[in-house]
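Read through the structure below, which is laid out as structure tokens, and then see the notes.
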Amino acid sequence: MIESVRICQLENASDRLRWDEFVLQCEEAHFFHLAGWKDVIAEAFGHPTFYLYAERSGEIAGVLPLAQVRSRLFGNKLISLPFCVYGGAAARDEAARSALTEAASDLAGKLAVDYLELRNVREEPGYVSTDRYVTFRKEISADSEENMLAIPRKQRAMIRKGMKHDLESRFAASVDGFYSIYAESLRGLGTPVLSKRYFQILKSVFGDRCDVLTILRDGVPVSSVMSFYFRNEVLPYYGGGTFLARKYSAFDYMYWELMADAAGRGIEIFDFGRSRNGTGSYRFKKHWGFEPVPLAYQYQLINASELPNFSPDNAKYSAAIGIWKKLPLTVTKTVGPWLARNLG
């Protein structure tokens, strides 16, 4: 029996240690359940956070991190967790999970948000679901040659094409080079970019759990990716490339280099992350031999009358996306973070 569900402020080291010890041991938990995300969201965006935990006999039985994102443009929502692809309750059993989701629903009502969004991996009863997103995860071998042979032939050819261009891979402690490439890449997609400060905070908060790999040709950076490490997994999360990246197959080479490095570290799972069904990134990951697994993003409508859809495939955003692609990069770097922080 669950004795209580409380909000933990995670203000002292012992609370954080207790929280993260549970997350690391809980099979359902992901990198995005770690206590550090509370700092990232609060420091980078100023959004209120509500870190729920269920207790049984004085021990944590489940956790559910939430943050409230409010804006005039995109509404008022309670999400587990904004800027994260996996969320929802991570619990030892159904009783703890049920208690946490019920507490989240109660909190959403008290906050009078438009809706509660749980970015679940598995479906929970009582919520409206969307099948918009999938994830791509696969076991990798400690042997790089085995990993190469597991990649479909056409994609192997793209990786080897990148190798022929004498590309160089380099891990960096700074996010400066990565951010320039990432901002340019998102402008090309018509998507607002998050602030450089956000990425600096990620690196500061997560330390060795977060790194940046950059691919160079003749000393010039052409693609870069920020990845997260959790237990035995690597998750390439934010990636981008310059206009030369496609010419030199730098994206293909970059992810191969990341996979090879991860295998060398003894990492067993390569998590290619979330994609929208039918998009270019969806097809790219399929070409690597990864199979899509549906994500159970679920909603409880509080004051909203319909499910949200802020994705670029929403027709009402097409004109704005077209304009954004034509804006100077300096403008998108200035205005983009203000927009992106409210999207979540």
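Odds and ends about this structure:
- All positions within segment 4-52 that are charged (D, E, K, R), farther than 23 Å from N76 by Cα and either out of contact with any helix residue (DSSP H, G or I) (no Cβ under 9 Å at 6 or more places or on another chain) or in a helix (DSSP H, G or I) (or both): E11, D15, R16, R18, D20, E21, E27
- Residue list for segment 255-312, filter: free of Cβ contacts under 8 Å to residues at least 24 places away in the same chain and in contact with a strand residue (DSSP E or B) (Cβ under 6 Å, 6 or more places away or on another chain): S281
- Note on segment 36-62: residues that are touching a Leu at 6+ places or on another chain (Cβ under 8 Å) and either of a type in the set (S, T, Y) or under 20 Å from P236 (Cα atoms) (or both) amount to 6.
- Test result for G87, touching a strand residue (DSSP E or B) at 6+ places or on another chain (Cβ under 7 Å), modelled with pLDDT under 95 and outside any strand (DSSP E or B): yes
- S223 meets each of the listed conditions (1) farther than 30 Å from L24 by Cα; (2) modelled with pLDDT under 95 apart from (2).
- Test result for D211, in contact with a Phe, Trp or Tyr (Cβ under 6 Å, 6 or more places away or on another chain) and acidic (D, E): yes
- Test for R97: is it of a type in the set (K, R) and touching a Phe, Trp or Tyr at 6+ places or on another chain (Cβ under 8 Å): no
- Annotation note: of L235, L202, L186, the sole residue that is touching a Cys at 6+ places or on another chain (Cβ under 6 Å) and within 18 Å of C84 (Cα to Cα) is L202.
- With respect to being buried (at least 22 other Cβ atoms within 10 Å of the Cβ) and either touching a residue at least 40 places away in the same chain (Cβ under 8 Å) or farther than 25 Å from R92 by Cα (or both), A42 falls outside the description.
- At least 3 residues being closer than 15 Å to A250 by Cα is the threshold, and among the helices (runs of 4 or more DSSP H) wholly inside segment 150-233 those reaching it are 153-164, 176-189.
- Filter result for the condition that a residue is among the small types (G, A, S), touching a strand residue (DSSP E or B) at 6+ places or on another chain (Cβ under 8 Å) and surrounded by fewer than 17 Cβ atoms within 10 Å (Cβ to Cβ), over A142, A112: A112
- All of (1) in a loop (DSSP other than H, G, I, E, B); (2) basic (K, R); (3) touching a Gly at 6+ places or on another chain (Cβ under 6 Å) hold for R122 with one exception: (3).
- Residue that is closer than 18 Å to A296 by Cβ and of a type in the set (D, E), where the choices are E59, E21, E28: E28
- All conditions but one from (1) surrounded by fewer than 17 Cβ atoms within 10 Å (Cβ to Cβ); (2) part of a helix (DSSP H, G or I); (3) at pLDDT below 95 apply to M1; the one that does not is (2).
- Scanning segment 248-304 for residues that are more than 19 Å from the chain's Cα centre (by Cα), of a type in the set (S, T, N, Q) and surrounded by fewer than 21 Cβ atoms within 10 Å (Cβ to Cβ) yields Q300, N303.
- When S318 is tested against (1) under 29 Å from A67 (Cβ atoms); (2) at pLDDT 75 or above; (3) of a type outside the set (D, E, K, R), exactly one condition is not met: (2).
The values are calculated or read from the model by the stated rules, or taken from the named source; none is laboratory data. This one's a predicted model, so the numbers in the text were calculated from it and none came from an experiment. Ideal geometry is used to build each Cβ from the backbone, glycine not excepted, and the neighbour counts take in all protein chains shown.
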